[in-house]
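*Asks:* Shown below is the structure under consideration.
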Amino acid sequence: TFSPDSGMTRAMLTTVLYQLAGAPAGEMASADVSLSDVADNAWYAPYVKWAVSQGVTAGTGNGTFSPNMQVTREQVVVMLYSFASNYMGMSVGQGADLSAYQDQGKVSSWAREAMSWAVAQGVVSGADNGGVLTLNPQYNANRSEVATMLRSFAEKIS
């Protein structure tokens, strides 16, 4: 089953991005990355190491990745932004003005540029809550939300 309302972890997202990249086995084999919370025998280890080695993610700081942490909407956007710019080598262009979103101030400073890009590209559209637009950047993204962002990314970017 797909379990659309279930959470999407950081490890799951790197696995999906590896597949979106075309499953480049050579890049995976050469990914020599060490993260203190990613055991070499974990199912997700090769995908996480690939993502870090390709600049898709920098982890969560201090040599960690937090593979079982559920991704937030802004974390998904940052990984997609990094995938486009660092992995695909794309010029990301100008971002959108986020001032129309009531919660734009809740976008973390490290995610602001990526969120602005994602809105401009139509990867994220935000939610209309009774006439109030929100981005919900800190909310945990479930599998259906991530699938929607990935579909928009694949159609509009890759």
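The values are calculated or read from the model by the stated rules, or taken from the named source; none is laboratory data. Quantities reported herein were computed from a predicted structural model and do not represent experimental measurements. No Cβ is skipped: glycine too gets one built from the backbone with ideal geometry, and neighbour counts run over all protein chains shown. Just the protein is used for accessible areas: all its heavy atoms, side chains included, with ligands, DNA and RNA removed. Shrake-Rupley method; radii C 1.70, N 1.55, O 1.52, S 1.80 Å.
*Asks:* (1) 1.02; (2) 1.80; (3) 1.12: which one is Cα Rg over 2.2 N^0.38 Å as calculated from this entry?
*Replies:* Computed from these coordinates, Cα Rg over 2.2 N^0.38 Å corresponds to label (1).
*Asks:* Another one. Nothing charged except the Cβ atoms of Lys and Arg (+1) and of Asp and Glu (-1): what's the magnitude of the dipole of region 1-151 about its Cα centre? Round to the nearest 20 debye.
*Replies:* Dipole magnitude for region 1-151 comes out near 80 debye.
*Asks:* Modelled label-to-label distance, Val16 and Ser99, 7 Å Cα→beta-carbon offset: nm?
*Replies:* About 3.3 nm, to one decimal.
*Asks:* Would you mind getting me the FRET efficiency between Ala42 and Asp5? Use the beta-carbon distance for r and R0 = 22 Å, nearest 0.05.
*Replies:* Details: r = 25 Å, r/R0 = 1.13.
Computed FRET efficiency for Ala42 and Asp5 comes out at 0.30.
*Asks:* Here is a follow-up. Among Val124, Asn86, Ala114, pick out the residue whose Cα is farthest towards the positive end of the charge dipole of region 84-158, where Lys and Arg carry +1 and Asp and Glu carry -1 on C-beta, about the Cα centre.
*Replies:* Farthest towards the positive end: Asn86.
*Asks:* Using a 1.4 angstrom probe on heavy atoms only, work out the carbon and sulfur share of the accessible area of the chain in %.
*Replies:* The nonpolar share, carbon plus sulfur, comes to 47 percent.
*Asks:* Turning to a different aspect of this structure: Calculate, for the chain, the solvent-accessible area per residue in square angstrom, rolling a 1.4 angstrom probe over the heavy atoms of the protein chains. Working shown, then result.
*Replies:* Numbers: 7730 Å² over 158 residues.
Roughly 49 Å² per residue, with all protein chains present.
*Asks:* As a test question: what accessible area, to the nearest 10 Å², does Asp128 have when a 1.4 Å probe is rolled over all protein chains in place?
*Replies:* 110 Å²
*Asks:* Would you mind working out the magnitude of the charge dipole of region 1-79 relative to its Cα centre, with +1 at each Lys and Arg C-beta and -1 at each Asp and Glu C-beta, to the nearest 20 Debye? Present the calculation step by step, with values, prior to reporting the outcome.
*Replies:* On the way: 3 positive and 6 negative charges, 20 e Å.
Result for region 1-79 is approximately 100 debye, rounded to the nearest 20.
*Asks:* Quick one: Debye curve from the alpha-carbon atoms of region 63-143 only, equal weights, vacuum; give me log10 I(q)/I(0) at q = 0.14, 0.16, 0.24, 0.25 Å⁻¹ to two decimals.
*Replies:* The Debye formula, applied to the Cα set alone, gives -0.47, -0.60, -1.20, -1.27.
*Asks:* Sort the following peptides by mean Cβ neighbour count (other Cβ atoms within 10 Å, averaged over residues), highest first: 37-49, 69-81.
*Replies:* Per-residue mean Cβ counts within 10 Å order the peptides as 69-81, 37-49.
*Asks:* Do the sum for the chain: with -39,500 (n - 2.57) for every DSSP H run of n ≥ 4, divided by all residues, what is the mean residue ellipticity at 222 nm, to the nearest 500 deg cm²/dmol?
*Replies:* After summing the helix terms and dividing by the residues of the chain, the value is -11000 deg cm²/dmol.
*Asks:* Please give the FRET efficiency for Trp110 paired with Val33, using the beta carbon to beta carbon distance and R0 = 22 Å, rounded to the nearest 0.05. Don't jump to the answer; show the numbers that get you there.
*Replies:* On the way: r = 20 Å, r/R0 = 0.91.
Calculated transfer efficiency: 0.65.
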